[in-house]
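The values are calculated or read from the model by the stated rules, or taken from the named source; none is laboratory data. In this text, all values refer to a predicted model and were calculated from it rather than measured experimentally. Heads up, the Cβs are rebuilt from the backbone with ideal geometry, glycines too, and the neighbour counts pull from every protein chain shown. Ligands, DNA and RNA are stripped out before the accessible areas are found, and what is left, the full protein with its side chains, is counted by its heavy atoms. Shrake-Rupley method; radii C 1.70, N 1.55, O 1.52, S 1.80 Å.
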Amino acid sequence: MFTGLVEQVGHLKSITETSYGRKLSVSTPLSSELYVGQSISINGACLSVTACAPDAFTVTAVPETISKTTLGQLTAGAAVNIERAMIANSRLDGHIVQGHVDTTCLVTRTSAQDGERLYEFFISEEYLGLVVPRGSIAVDGISLTIANLCESHISIAIIPHTYQHTNASSWQPGTCCNVEFDILAKYVARQMVVHQKS
């Protein structure tokens, strides 16, 4: 479980295609604090550390993960958001993020306003019931608040600190991001489906 508060931005050192998935080597000073088997969020996708070195660590994205995330599209040198699993006795400053990416969404528009940056994302119809204005959403593993919902688009405001300390600084129209919707919204939506069938 994660909070959506990005600890560091790492960079893909190398990518190796294998018969069982994609091995990603991520360069970051945080690597010295990691251990094999540890859960770690890479752009919002929960993966397991398979190898560690003082300056980089390795994870493997299996075909199922690649099919539902942007991890298959990343190239060497790409900036990625990194967060270790939360500690039970720490404050939940973001929101509950499982690292289970639901879908990917495209940035459709960006703009700057009053010191913050606004990003607009297209949300496909099947997921529109999981978003509400001022609700929580995780985009590339960043805990964010939905500022506005208009038909099939949501807008999100990024404050300067988040812009400077995540890969949001690289988002442009056409950028594809990993999205995880609020787990509470997903359970409510599921219960409504179950009750409608009963």
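Ignoring lysines fewer than eight residues from residue 186 along the same chain, the ones with Cα atoms less than 30 angstrom from its Cα are 68, 197. The mean sequence separation of alpha-carbon pairs under 8 Å and at least six residues apart, normalised by the residue count of the chain, gives a relative contact order of 24 percent. Between rounded, prolate and oblate, where does the stretch 63-198 land on the alpha carbon gyration tensor, with a ≥ b ≥ c its root eigenvalues, rounded for a/c under 1.5, else prolate if a/b exceeds b/c? It is rounded, given that a/c, with a ≥ b ≥ c, falls under 1.5.
Across the options 24, 118, 131, the greatest Cα extent toward the positive end of the charge dipole of the chain (unit charges at beta carbon of Lys, Arg, Asp, Glu) belongs to 24. Taking all protein chains together and a 1.4 Å probe, the residues 140, 102, 55, 93 rank 93, 55, 102, 140 from largest to smallest accessible area. With all protein chains in place and a 1.4 Å probe, the accessible surface of the stretch 1-126 carries 50 percent carbon and sulfur. A Gaussian network model of the chain, with springs between Cα atoms under 10 Å, assigns the largest mean-square fluctuation among 174, 44, 99 to 174. Given +1 at the Cβ of Lys and Arg, -1 at the Cβ of Asp and Glu and no other charges, the dipole of the chain around its Cα centre is 280 debye to the nearest 20. For a quick check, take a GNM of the chain with Cα springs below 10 Å and name the residue from 98, 73, 172 with the largest mean-square fluctuation. Between 98, 73, 172, it is 73 that shows the largest mean-square fluctuation. For the stretch 23-148, the solvent-accessible area works out to 48 Å² per residue, with a probe of 1.4 Å and every protein chain left in place. Derived scalar couplings between HN and Hα for the stretch 19-24 equal 6, 10, x, 10, 8, 10 Hz in order, rounded to whole Hz, by the Karplus curve 6.51 cos²θ - 1.76 cosθ + 1.60 (θ = phi - 60°), x for Gly and Pro. Amide H contacts under 5 Å for residue 56: 28, restricted to partners 5 or more places along the chain or on a different chain, H placed in the peptide plane at 1.01 Å from N. Each Cα pair under 8 Å and six or more residues apart adds its sequence gap; the mean of these over the residue count of the stretch 84-198 is a relative contact order of 33 percent. Distant-in-sequence amide contacts of residue 148, defined by a placed amide H-H separation under 5 Å and a gap of 5 or more residues or a different chain, comprise 134, 155.
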